[in-house]
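The values are calculated or read from the model by the stated rules, or taken from the named source; none is laboratory data. Bear in mind that the values here come from a model prediction, so they are computed numbers and not experimental data. Cβ placement follows ideal geometry from the backbone for every residue including glycine, while neighbour counts extend to all protein chains displayed. Side chains included, ligands, DNA and RNA excluded: accessible areas come from the protein's heavy atoms. Shrake-Rupley method; radii C 1.70, N 1.55, O 1.52, S 1.80 Å.
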Amino acid sequence: MSNVIVVIGAGSIGQAIARRVSVGKHVLLADLRQDNVEAAAKVLGDAGYKVSTAIVDVSSRDSVHTLVETATAIGPVSGVIHAAGVSPSQAAPATILKVDLYGTALVLEEFGNVIVPGGAGVVIASQSGHRLPALTPEQDRALATTPTEELLALPMLQPDQVTDPLHAYQISKRGNSLRVMAEAVRWGKRGARVNTISPGIIITPLANDELTGPRGEGYRRMIELSPAGRAGTPDEVGAVAALLMGPDGTFITGSDFLMDGGVTASYWFGDLAPK
């Protein structure tokens, strides 16, 4: 039985990471949309990877648990790449919290129960989590450790507290990195590791939605005024993920890697700083 790399979210970033870490392994590609997963499977299959596909709704425990069962029936799960999510231009605050925050907690919990010793996971968060003002220690702990099924009931996440899609996205992505820190302790007891990557603007279909959406002008300004002066590519995220999931990253777990071309640096200390 081949070791299995589970890719949740069959978009550009998930594929880029899979290409780096899945040679000689079985890739289980999962996505909410059948057309997405079939297109990604063809690309990876034509490139020589052994691929299976599945449909998953990360906001449903039953769906995620079924994915775990599908993966473990193929072989030992040695890698999890969680790259699924919705952006502020794609959904209302409640949906963003359910998919991006609760869904990630669910994936970490369910796959943390089966990840094999020596295994590794990467969660794709976002630079947006780094632009949220500091939370209280109590709020940090709540996002990190509240039981998954109680997470969306937290007072700080109620509709009167989170009224804007961007705020929902920011708090979800901050929550992802905090959740991974806490889960790294549990995954470590199985001899496995897990980290987050917080990319900036990476040119993908989702990013193009943002660049042409209601916040497009702001996103273009972020790129122009960042130290790097450009957007990133999925392959650059793949390179960082390959380090984190591979033999050179075995001392790294529970960490968050911000890779945004310096946008966050410019937001706090440069030309993007709020006036």
Do the conditions hold for residue 210, that is, is it of a type in the set (Asp, Glu), assigned to a helix (DSSP H, G or I) and either open to solvent by 30 Å² or more (accessible area, probe 1.4 Å) or out of contact with any Ser or Thr (no Cβ under 6 Å at 6 or more places or on another chain) (or both)? no
Can you name every residue in the stretch 222-238 that is loosely packed, with under 14 Cβ neighbours inside 10 Å and in a helix (DSSP H, G or I)? 224
Determine whether the stretch 143-163 contains at least one residue that is under 24 Å from residue 232 (Cβ atoms), of a type in the set (A, V, I, L, M) and part of a helix (DSSP H, G or I). no
Checking 23, 37, 6 in turn, the sole residue that is closer than 12 Å to residue 78 by Cα and either within 20 Å of the chain's Cα centre (by Cα) or assigned to a loop (DSSP other than H, G, I, E, B) (or both) turns out to be 6
Leading residue by the ranking (farthest from residue 256 (Cα to Cα)) among those in the stretch 197-207 that are out of contact with any Leu (no Cβ under 7 Å at 6 or more places or on another chain) and not in a loop (DSSP other than H, G, I, E, B): 205
Which of (1) surrounded by fewer than 22 Cβ atoms within 10 Å (Cβ to Cβ); (2) hydroxyl-bearing (Ser, Thr, Tyr); (3) at pLDDT 95 or above does residue 104 not meet, given it meets every other one? (1)
If residue 81 passes every condition in (1) within 14 Å of the chain's Cα centre (by Cα); (2) outside any helix (DSSP H, G or I); (3) modelled with pLDDT of 95 or more; (4) farther than 19 Å from residue 195 by Cα but one, which one does it miss? (4)
So which residues in the stretch 61-74 are in contact (Cβ under 8 Å) with a residue 40 or more places away in the chain and either surrounded by 16 or more Cβ atoms within 10 Å (Cβ to Cβ) or of a type in the set (Ser, Thr, Tyr) (or both), if there are any at all? 61, 64, 67, 68, 70, 71, 72, 74
Residue in the stretch 87-101 that is nearest to residue 64 (Cα to Cα), counting only those that are open to solvent by less than 40 Å² (accessible area, probe 1.4 Å) and in a helix (DSSP H, G or I): 99
Failed item in (1) within 30 Å of residue 273 (Cα to Cα); (2) modelled with pLDDT of 95 or more; (3) over 16 Å from the mean Cα position of the chain (by Cα), with residue 152 passing the rest: (1)
Checking residue 16 against (1) surrounded by fewer than 20 Cβ atoms within 10 Å (Cβ to Cβ); (2) out of contact with any His (no Cβ under 7 Å at 6 or more places or on another chain), which single condition isn't satisfied? (1)
Name the residues in the stretch 149-207 that are open to solvent by less than 10 Å² (accessible area, probe 1.4 Å) and free of Cβ contacts under 8 Å to residues at least 24 places away in the same chain, would you? none
In the stretch 31-43, anything under 18 Å from residue 238 (Cβ atoms), buried (at least 22 other Cβ atoms within 10 Å of the Cβ) and not charged (D, E, K, R) is listed as 40
